[in-house]
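Asks: Just dropping this structure here.
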Amino acid sequence: MIYELQSIDFKDLITDEIKLHSEEMTLENTEFIIQYFDENLSIEESLDKIVEKKFHSIDNTFTTQGLERDILDDSVSFAIEKDEELALEPENILLDSSIALNIIVHEGEDIVIKELGEFVDELVNQKEESYSFIQKKSASAAQSGLGYFSTLHNAVIANYNTTNAKLVTTGKITRAGGVLKPIIYRMNLESKRKTSRTGSYTYSSSRLITNAILGTPYKLESPISKTYYWQTYATFTGTFKNGSKKTTNSSTDRVLINKKGVPYPTYKDSKSGKVMTEPSSTTWVKNPNPVAWTTKMRNDYLDWYEKNYGKITRSDFQVHHIRPRAYNGSHNYDNLIPLRTDFHTKTVTPWWTNY
């Protein structure tokens with residue numbers, strides 16, 4: 001089985017899938033993601049360690065969870081540090097992506113799906129003689145009575161920063177092999193949303209594909225018209241020769257998106273380490289008469305900031321109310337953070353304009 005797994009070039013698989021979905025969704029941040037994988041993944045080395053019986057742990061899910069945020073953060077940080085204008089406005093954004101390899105094994109009379117990391121961990125915990133099939137170069141999924149299939153789950157914002165924005169959930173069974181590979185696949189795509197940072201999600205939309213075709217991508221579109229916290233889910237079910245069904249699930253990271261499909265801009269102040277936190281609710285009511293903010297208040301805050309964290313070029317910064325004054329935000333210093341003027345006016349303020 002290990003040699004069967006080792007024959008799969010995971011980097012090529014991941015890169016090909018990202019390229020394919022990038023073409024389908026016209027994503028413009030593809031190269032960032034492929035570069036991220038190229039620099040951080042060494043799946044072949046991990047599998048080599050298994051075959052060599054060095055039995056290090058291996059994670060089966062190669063995920064860009066929060067990667068788009070990383071890309072945005074890195075670009076924002078770079079622009080702030082270099083005092084350059086931020087320009088990252090693709091038509092569509094890949095929010096989150098995960099590729100998982102699932103191993104199918106017998107446990108007594110039952111057929112069970114295990115993710116690769118779980119499968120390897122169990123091998124490692126067995127006695128050494130249990131690895132006899134790994135020693136044989138002819139070992140394969142077919143000979144060992146195992147099976148595998150890999151899945152891809154993406155969350156994409158289409159028509160980013162427009163009044164026609166929508167959250168697109170995609171799923172695909174990308175590859176399968178071995179004696180125990182499923183004969184029928186079912187896929188259920190879901191998007192859920194909520195109005196607060198905590199609490200339960202409610203369904204926005206779902207799509208059930210009862211006979212998913214291997215290698216065929218499926219998608220679910222959810223219109224974005226109001227600000228919500230969103231999360232997407234994909235459930236993959238295999239039907240096997242004996243009729244049993246087992247399921248693997250995949251979920252994306254939580255993301256706060258305004259009514260134009262723009263994720264909340266994340267920022268961490270390099271001097272104080274303070275984070276511009278997300279609003280706790282998407283239902284704050286606008287106050288037509290917000291509390292006044294004066295030049296003296298600004299200077300008093302910056303005096304305090306510089307005393308505690310060091311000098312900044314004040315003309316390059318604006319003081320941002322993390323909970324905006326327009327939504328009853330106070331002048332308490334816990335609610336204030338200095339932001340570069342361009343970042344504040346071109347990224348943060350427009351997000352709140354479309355809150």
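Asks: Taking the Cβ-Cβ separation of N211 and E115 as r and a Förster radius of 30 Å, what is the calculated FRET efficiency to the nearest 0.05?
Replies: The formula returns an efficiency of 0.80 here.
Asks: Shifting gears a bit: For segment 194-266, rounded, prolate or oblate, judged on the Cα gyration tensor with a ≥ b ≥ c (square roots of eigenvalues), a/c < 1.5 rounded, else prolate if a/b > b/c?
Replies: prolate
Asks: Moving on. Too long at a 28 Å Cα-Cα cut-off: which of K166/K286; K219/K268; K260/K307; K219/K246?
Replies: Flagged as over cut-off: K219/K268; K260/K307.
Asks: Pop out the ³J(HN,Hα) list for segment 171-184 in order, Karplus 6.51 cos²θ - 1.76 cosθ + 1.60 with θ = phi - 60°, rounded to Hz; leave Gly and Pro as x.
Replies: x, 7, 8, 8, 7, 8, x, x, 4, 8, 5, x, 9, 9
Asks: By its C-alpha gyration tensor, with a ≥ b ≥ c as the square roots of the eigenvalues, how is segment 142-291 shaped: rounded for a/c under 1.5, else prolate for a/b larger than b/c, else oblate?
Replies: Working: a/c = 2.98, a/b = 2.32, b/c = 1.29.
It comes out prolate by the Cα gyration axes.
Asks: I need the shape label for segment 207-310. Rule: rounded when a/c is under 1.5, else prolate if a/b > b/c, else oblate, with a, b, c from the alpha carbon gyration tensor.
Replies: Prolate shape, in that a/c is at least 1.5 and a/b is the bigger ratio.
Asks: With labels modelled as points extended 7 Å from the Cα through the Cβ direction, what inter-label distance (nm, one decimal) is found for T341 paired with T247?
Replies: 5.5
Asks: Enter the accessible area of Y148 (Å², nearest 10), with the probe set to 1.4 Å and all protein chains included.
Replies: Around 20 Å² of this residue is reachable by solvent.
Asks: Right, something else. Tell me, what is the 1.4 Å probe accessible area of R325, in Å² to the nearest 10?
Replies: Rounded to the nearest 10, that gives 70 Å².
Asks: Of I209, Y233, T195, which is farthest along the charge dipole of segment 154-233 in the positive direction, counting Lys and Arg as +1 and Asp and Glu as -1 at C-beta?
Replies: Among I209, Y233, T195, the one farthest towards the positive end of the dipole of segment 154-233 is T195.
Asks: Still on this structure, I have one more. Please list 3J(HN,Hα) in residue order for segment 94-102, calculated via the Karplus relation 6.51 cos²θ - 1.76 cosθ + 1.60 where θ = phi - 60°; whole Hz, with x for glycine and proline.
Replies: My calculation for segment 94-102 gives 7, 7, 7, 8, 9, 10, 10, 9, 10 Hz in order.
Asks: Express in Å², to the nearest 10, the accessible area of K219 obtained by rolling a 1.4 Å probe over the protein heavy atoms while all chains stay in place.
Replies: That residue has around 100 Å² of solvent-accessible surface.
Asks: OK, next. How much area per residue is accessible in segment 270-346 when the probe is 1.4 Å and only protein heavy atoms are counted (Å²)? Intermediate values should be presented prior to the final figure.
Replies: Working: 4340 Å² over 77 residues.
Accessible area per residue: 56 Å².
Asks: In whole percent, how big is the carbon plus sulfur part of the accessible area of segment 200-304, probe 1.4 Å, protein atoms only?
Replies: Values: 2840 of 5590 Å².
Reported share for carbon and sulfur atoms: 51 percent.
The values are calculated or read from the model by the stated rules, or taken from the named source; none is laboratory data. Values in this document were obtained by computation on a predicted structure and should not be read as measured data. Positions of Cβ are backbone-derived with ideal geometry, glycine not excepted, and every protein chain shown enters the neighbour counts. SASA here: full protein model, heavy atoms, side chains in, ligands and nucleic acids out. Shrake-Rupley method; radii C 1.70, N 1.55, O 1.52, S 1.80 Å.
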